Amino acid sequence: MEITSDSDPSRTYAKNKAAKAVREIYNSIRSSGRPPNAEMLRQVATAYAEAGWVTEVREMAKEAVSELPGHGLANGDVLELMAKTNSDTPHAQPVLDELDKMLDSRSDEGRLSLVYKTFTDALFLAAAHSDAKAFMNGMALVEKHRIPLSAKIFEARISFHAVVSGDVRAARELLDEARELNFNVDVAAYNHVLNALITTGRYDEIAKHLHEMWERGINANMSTYYFLLTMYDPDSKHGRANPVAAVKTFEDMRAKGIAPRPSHNIALARAVKPVVAVSASEGLVTLLACSRIPPNEELLNGIRDGLAALEEFELAFKVSDMYLTLSRDYPEELPIRRLWAWRHLHMLVRSGRGSEWRTVLDQIGAYQIPIDTVMCTTILDQYKGDRIVDAASTVLKPFDRMRSFEATRTARELFDRMRSVDEHVPASVLEKLLLTVWDPEKDAVINSEALRYMVAYVKMLPGPTNVGIREPGPMAKAFEVFGGGNIAQGISRLRARLVVPIAGGDRARFARSKVSGHAVVTAPVDEPPSPPLDAVRALVADGRAAEWETALADLQQKGEAPTPGTYCTLLAHFADKPCSPETAATARAILAHQMNASKKYPNLVPDSVAFAHVLATVWKNQPKEALSEEAIEILALFARTDLDETILKVSGSDVTHPLLRALKLVGGGRQLATALKILRSITKDETTPETRAALDAIHALIATGRVYDWESTVADLAEQGHSMTAQAYRALLAVYAAQPCSLQTAAAARAVLAHQIVAGTANPSLIPDATAFAHVLATLWKDEPGEVLSDEALDVLTLFARTHKYPPELLPTNRPRAANPLFEALIIVAGESRSPNEGLEIMRSGAKDVKRRWTPDELKIFSLGAERKVANQVTPALDAVKALIATDRVEDWEVTLADLARQGHPMTARAYSALLAYYAALPCSLESAATARAIIAHQIDAGKKDKRVIPDAIQFAHVLATLWKGQTEEALSDEALGVLTLFSKSHKDLSEFHHRQRSFAAGPLFEALRIVAGPSRLPEIGLMRMRLGLRDVKRKWAPSDLEYAAPVAETTSPRPRLLSPEPTPALDAANELDAARRVDTWEAMVADLEQQGHSMTPEAYFTLLASLSALPFSPQTATTARAILDHQLAASSTTPDLLPGLGAFSHVLATLWKNERGEELSDDALDLLTLFARTYSEGNLKFLSRAGRLEEALRIVSGESRDAREGMRVMRELGTKEGIKRKWGDEDVLFFKKRSGGRKPRLQMVSRAEPHRSHEARGACRIGPERWGPPKPSSVV
């Protein structure tokens, strides 16, 4: 419901945008060293106040005190009050009380103007919250202080009478009075009256009201049409079913140039829903035809999206299918685009008709839209998340639906379809396809269907190792199984079975030189057949490659231009031959011919593969082979040609490996960019002037410190006939990237990037790459530990994501070092997946509610991972241990370790793991167990000197496996408990207890800890018990525990610690505030504690919130409670133990909603539930019974399911509060009555007649030595 014009999102956005612009200008002025003056500070603070930025207004007041001693910020108290009014302040009465005091004091004209504006905003606030008492008090202030009337005051009064009081006559009289007094109220006031006419069912007066608007020059806006559309909702109280009128209203809105919003689509869908549901002869198509309304894209898509928002997916697909049918007759009005095709498939799956995907894809394909990754993922999603229960054992079997026959067949067909249209199948989709035929948790061998997808995955990898494979993941597990426990070995084995694939082509072949014996990799020609390519292939096959010039001349006479594949085929032929002056000269001639042809055909510019083939004619990359003068000349020519340094992006290609090797030799082992720079500096620059002029001009700007004059320099270059190059743009952006972060620098870099993007529309080679975007990002974000990505930084990521679909830099091997920060940022916003590709998808949607920095825990894990990576590298110790295992001499491990120590080679964690894994694979025996215990003891001693070899959970799991195999009914022996005790006492790091950080090999260890944990079945509890050295513990699963035999993934959300009644300074101070009834002064208490060196505790926060929850409802109490909760949440970001528990959230909810009969959940209560749902996962719901009020609210908002878990999902995904259930209804009472067998339903409500607890009752909330326990129904979590 729209109440005020100031609450219009467009106006709110405009005010925030203006405030941001003012802030940028002010920061720019201050960064220049110019001191502020009083007027400047006043204008900046006013912009902040109008946008509702309370904190910024206070900061300006503090800055004014420091910069203008004796003056301060003029009218700072009024500006702060204005900011509170325009912020999320829930109540207007406190604002009006402050204004009353201000109006009683003497004020000058400027101050009065601000006070009057704040007063008007407060009136709108009272009307928006239906606060009749506050509104009437505000109007009394008009009489008391003789506040002059204005158009805004009239609009506020009209909104109050029309919407809150329902007094349409009074509202219309106010409209006439405002017109008589020459106050020009805008369309919002007329919309209030229109809304009141509709909600009261006075439809006969609507036409007259609209006619008055037209006569007075008031144009309808989007809110006007929204209210008109709601009039035709047959399910509303006064709605009248008239789908034809609804469609015509929607079309009239479009004709006026007003773009429909989701709210319009939903209102339209409700109006036409009965028509869509009937048969075709009486359906929507017939309605449009009889009403002479031509079908159009916005109309049908709006109805479809509105029905989808109402979760009427069957009807939504029906409309979408109707669109597809009508598009044959209306191809221009109803175009079939790729985005529409995605949405159509989504409706198909959500409607439960996913099995019809083949028909739908064929229909879409008729419009030249082939299958792509999004379509494939959408179709596969219909099999995701289903579970089949085995009736015999009542055990859940995950992924059974994913591996059903239908899912397997669907995956195979989708894969074949994507390959048939040469669609790139990304790694994430291949993993989903793999899961349809292979279970990583059960299947011990790789079947032929799984190999099908593994082969496709191998072809995408940049090299022969596991670089680029995501660990852990299904594909990594598959390669590990295929390789006998080693991912890299699995990849090598699969490559050995096939013709070796390389990135960028289907096959590669090895040609062995008869002279040198060195293998030279030649690349396949990845381009469609053509007469020039076919002619050259025939020439090479006939052994007449030396006649290439004649062949090319003949082709040109026939009007056939050569292609890149033509030259590549010729060069690859000569690259396979032994080195000789004749071969080298021929290859150089072919390269020269290609370079000359590229002047006319830019697509023929030789790439790195072509230069690699030419280099192979003079240098075969043999051990200790030196680069000849001819090789240096080829490298120099390549360096001068590759000005954009594309070689840095293809470092994973096997074909270009010799070229990369040669460049590294030239650079002395340093970066490739260094080698290119050396080659360009020591040789004569033979490139064309236009390719060097731009770079030279930019370098001159940088050298003279005039980078900000780049626009005039670019204009001068254009006048001289020269154009910018990608390298010139990068050089310019690199200067800005090296400077400290500032809005001025960022704005300049964004301007350069925008200029490059515009230039790229005419010349695709100028499209900015990842390095250019990384330079722009560096002006806003330096990738420091804990640094937060700002909104501006997210805008840069969004722009990159929307201009690059599959950037080659996604693979780390193709990524220049300068682009690393960009992909680091994408990994951050990707959240738990930590996939840059996922980050790209998120940023393409323009989302801002994303993760913005690494947490301290994640940074710690990264640090440990880096240390372990160093420790796990292949070393002499690991080689020696593998030799022991291969020769079956593992019992000599102590002698081998002593020999390694004498040679100066220390043991590594990986070497210890190899030894222990050998014994873990043997049958249980005391001899094997004793040897394993000796090895782990040796490792523990080594870990005291080198922390990198401290044994982790995997190594202890190997030792445990020598005593206990985790079989059904197998009990843990005393020796096994001894291993668990040793692990518990030596293992301080609990990061491996998180199921996402837990290795599969460590599973038996955590299973044993879950057994000894007893009823809780939590490995952390088992760890604590073993740390105490207990032996009287549970040693095997009981029959009643069979459902827990499979490891249960613990929740990934944070979990608050249990509260303790032990006294602390913070708890004592909170109890004193509670006893003195001064909880509203909690901020002063926190400040005093900080000055004394004490910090807040969860118990102190809990006491404050429990005290407030016992008070009667009031806006002040609710505001205070929410402020305390926000303070605790902010503190928990640095101190995880401070995370508020479920009881804390329940107490805050009690200040907003008392759970009385018939009481509705307010918007503020829904906001709190949304915050709770996004803070905790569903795994914490087992504690909800201790927070009854919170659980009850979640059950209400869940709708028909009446399930708290569903309520958590609803609130977590909440986009709009429209349609959210807010209270129990009569149907709920009947439901609970039936479920309880006719007994009185036990809804957790209190009677309206129940008195609020007294302050003495609140004392039970105190936490301390005397009293313990929160007020019911909430409880300590």
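Below is a table of values for the structure above.
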{"item": "Some residue of region 600-623 being part of a helix (DSSP H, G or I), among the aromatic types (Phe, Trp, Tyr), under 25 Å from Ser765 (Cβ atoms) and touching a residue at least 40 places away in the same chain (Cβ under 8 Å)", "result": "yes"}
{"item": "Any hit, region 946-962, residues being in contact with a Cys (Cβ under 9 Å, 6 or more places away or on another chain), buried (at least 21 other Cβ atoms within 10 Å of the Cβ) and not acidic (Asp, Glu)", "result": "yes"}
{"item": "Residue check, Gly543 modelled with pLDDT under 60, out of contact with any Gly (no Cβ under 6 Å at 6 or more places or on another chain), closer than 30 Å to Gln556 by Cα and not in a helix (DSSP H, G or I)", "result": "no"}
{"item": "Those residues of region 67-91 which are within 11 Å of Leu41 (Cβ to Cβ), at pLDDT 85 or above and not in a loop (DSSP other than H, G, I, E, B), in sequence order", "result": "Gly76, Leu79"}
{"item": "Residue count for region 1151-1167, restricted to those that are within 19 Å of Ala1110 (Cα to Cα), hydrophobic (A, V, I, L, M, F, W, C) and assigned to a helix (DSSP H, G or I)", "result": "1"}
{"item": "Test for Ala188: is it in contact (Cβ under 8 Å) with a residue 60 or more places away in the chain and outside the structural domain of Gly283 (by TED's automatic domain parsing)", "result": "yes"}
{"item": "Every pair of residues 6+ apart whose Cβ atoms lie under 8 Å, when the first sits in region 904-922 and is among the β-branched types (Val, Ile, Thr) while the second is surrounded by fewer than 19 Cβ atoms within 10 Å (Cβ to Cβ)", "result": "Thr908/Asn872; Thr908/Gln873; Thr908/Thr875; Thr908/Arg948"}
{"item": "First in region 1006-1017 and without any contact (Cβ under 8 Å) to a residue 12 or more places away in the chain, second anywhere and charged (D, E, K, R) and in a helix (DSSP H, G or I), Cβ under 9 Å, 6 or more apart", "result": "Ser1016/Arg1010"}
{"item": "Count of region 1186-1216 residues which are charged (D, E, K, R), in a loop (DSSP other than H, G, I, E, B) and either at pLDDT 85 or above or closer than 19 Å to Asn1155 by Cα (or both)", "result": "2"}
{"item": "Residue list for region 795-824, restricted to those being part of a helix (DSSP H, G or I), at pLDDT below 85 and aliphatic (A, V, I, L, M)", "result": "Leu810, Ala818, Ala819"}
{"item": "Failed item in (1) touching a residue at least 60 places away in the same chain (Cβ under 8 Å); (2) loosely packed, with under 14 Cβ neighbours inside 10 Å, with Gly257 passing the rest", "result": "(1)"}
{"item": "Selected residue [out of contact with any strand residue (DSSP E or B) (no Cβ under 9 Å at 6 or more places or on another chain) and touching a residue at least 40 places away in the same chain (Cβ under 8 Å)] from Ala1130, Ala1118, Ala1165", "result": "Ala1118"}
{"item": "Val890 vs. criteria surrounded by 13 or more Cβ atoms within 10 Å (Cβ to Cβ), at pLDDT 80 or above and either within 32 Å of the chain's Cα centre (by Cα) or on the phi < 0 side of the Ramachandran plot (or both)", "result": "yes"}
{"item": "Those residues of region 547-560 which are among the aliphatic types (A, V, I, L, M) and either surrounded by 12 or more Cβ atoms within 10 Å (Cβ to Cβ) or more than 18 Å from Thr586 (Cα to Cα) (or both), in sequence order", "result": "Ala551, Leu552, Leu555"}
{"item": "Residues of region 1100-1150 classified as farther than 17 Å from Ala1165 by Cα, in a helix (DSSP H, G or I) and hydroxyl-bearing (Ser, Thr, Tyr), total", "result": "4"}
{"item": "Which numbered condition Gly966 fails, given (1) modelled with pLDDT under 85; (2) not assigned by TED's automatic domain parsing to the domain that holds Leu1009", "result": "(2)"}
{"item": "Residues of region 1202-1219 satisfying the condition of being among the aliphatic types (A, V, I, L, M) and either crowded, with 17+ Cβ neighbours inside 10 Å or touching a Phe, Trp or Tyr at 6+ places or on another chain (Cβ under 9 Å) (or both)", "result": "Ala1204, Met1208, Val1210, Met1211"}
{"item": "Test: residue in region 1076-1090 that is assigned to a loop (DSSP other than H, G, I, E, B), crowded, with 22+ Cβ neighbours inside 10 Å and of a type outside the set (D, E, K, R)", "result": "no"}
{"item": "Count of region 1116-1168 residues which are under 26 Å from the mean Cα position of the chain (by Cα) and among the polar types (S, T, N, Q)", "result": "5"}
{"item": "Identity of the residue in region 246-261, of a type in the set (Gly, Ala, Ser) and closer than 18 Å to Arg304 by Cα, that ends up farthest from the chain's Cα centre (by Cα)", "result": "Ala246"}
{"item": "Candidates Val714, Val758, filtered to the one that is among the β-branched types (Val, Ile, Thr), over 27 Å from Arg23 (Cβ atoms) and without any contact (Cβ under 8 Å) to a residue 24 or more places away in the chain", "result": "Val758"}
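Okay, residues lined up against (1) at pLDDT 85 or above; (2) not in a loop (DSSP other than H, G, I, E, B):
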| residue | (1), (2) |
| --- | --- |
| Ala14 | no, yes |
| Ala18 | no, yes |
| Arg34 | no, no |
| Leu41 | yes, yes |
| Val44 | yes, yes |
| Tyr48 | yes, yes |
| Val57 | yes, yes |
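The values are calculated or read from the model by the stated rules, or taken from the named source; none is laboratory data. What you are looking at is a predicted structure, and each value in this text was computed from that prediction instead of being measured. Don't worry about glycine lacking a Cβ; one is built from the backbone with ideal geometry, like all the others, and counts go over all protein chains shown.
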